[in-house]
Amino acid sequence: MVGKGSVNHNSRKFKAENVDAERSHLNVDYCNDNIKKVYHKLFDEALQRYNEKQTRADRRIADYYEKIRNSKQEKPFHELILQIGDKENMSAGSENGQLARKILDEYYHGFQE
């Protein structure tokens, strides 16, 4: 994904023109945590160690999430969208669709490990 990204779009908090709202309930959302909270959980300890080593106040980072969010080179998050088949051969309500869901579940849990 290139650009700022849109968590609201991904979680379907608003409906884009190309979205079939009648099928949105079939979407599977594996991970939709608050990005700021995840940053603090993952980086606060390392940020504290980094800041303790800095002798110049201007080198200290107050909030790592805000540093990345305001960066021109980095993005606060990246998204990964996986799909098996399409609506013609793996529709959500079909037997193949259920198989695709099972495969994606296995992939997600393996990815988390």
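Among the residues of the stretch 66-96, write down those that are closer than 20 Å to residue 22 by Cα and of a type in the set (Ser, Thr, Tyr).
91, 94
Collect the residues in the stretch 32-53 that are touching a residue at least 12 places away in the same chain (Cβ under 8 Å) and surrounded by fewer than 10 Cβ atoms within 10 Å (Cβ to Cβ), keeping them in residue-number order.
If the condition is that a residue be touching a residue at least 12 places away in the same chain (Cβ under 8 Å) and surrounded by fewer than 10 Cβ atoms within 10 Å (Cβ to Cβ), then 32 is the only one that fits.
Conditions: (1) surrounded by 11 or more Cβ atoms within 10 Å (Cβ to Cβ); (2) in a helix (DSSP H, G or I); (3) within 18 Å of the chain's Cα centre (by Cα). Residue 110 meets all but one. Number of the miss?
Unmet condition: (1).
Find the helices (runs of 4 or more DSSP H) located wholly in the stretch 6-82 whose residues include 2 or more that are modelled with pLDDT under 85 and within 15 Å of the chain's Cα centre (by Cα), and list them.
Output list reads 7-10.
Does residue 87 satisfy the criteria of being modelled with pLDDT under 75, part of a loop (DSSP other than H, G, I, E, B) and surrounded by 10 or more Cβ atoms within 10 Å (Cβ to Cβ)?
In short, no.
Could you list, in sequence order, the residues of the stretch 51-71 that are under 15 Å from residue 36 (Cβ atoms) and touching a helix residue (DSSP H, G or I) at 6+ places or on another chain (Cβ under 8 Å)?
Selection gives 61, 64, 65, 68.
Restricting to the stretch 29-41, name every residue that is more than 17 Å from residue 80 (Cβ to Cβ) and out of contact with any Phe, Trp or Tyr (no Cβ under 6 Å at 6 or more places or on another chain).
Selection gives 34, 37, 40, 41.
Can you tell me which residue among 104, 99 is surrounded by 10 or more Cβ atoms within 10 Å (Cβ to Cβ) and in contact with a Leu (Cβ under 8 Å, 6 or more places away or on another chain)?
104
For (1) in contact (Cβ under 8 Å) with a residue 12 or more places away in the chain; (2) closer than 30 Å to residue 26 by Cα, each residue gets a yes or a no:
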site	(1), (2)
55	no, no
60	no, no
68	yes, no
73	no, no
76	yes, yes
109	no, yes
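The values are calculated or read from the model by the stated rules, or taken from the named source; none is laboratory data. Bear in mind the structure is a predicted one, so any value in this text is a computation, not a measurement. Cβ: placed from backbone, ideal geometry, glycine included. Neighbour counts: every protein chain shown.
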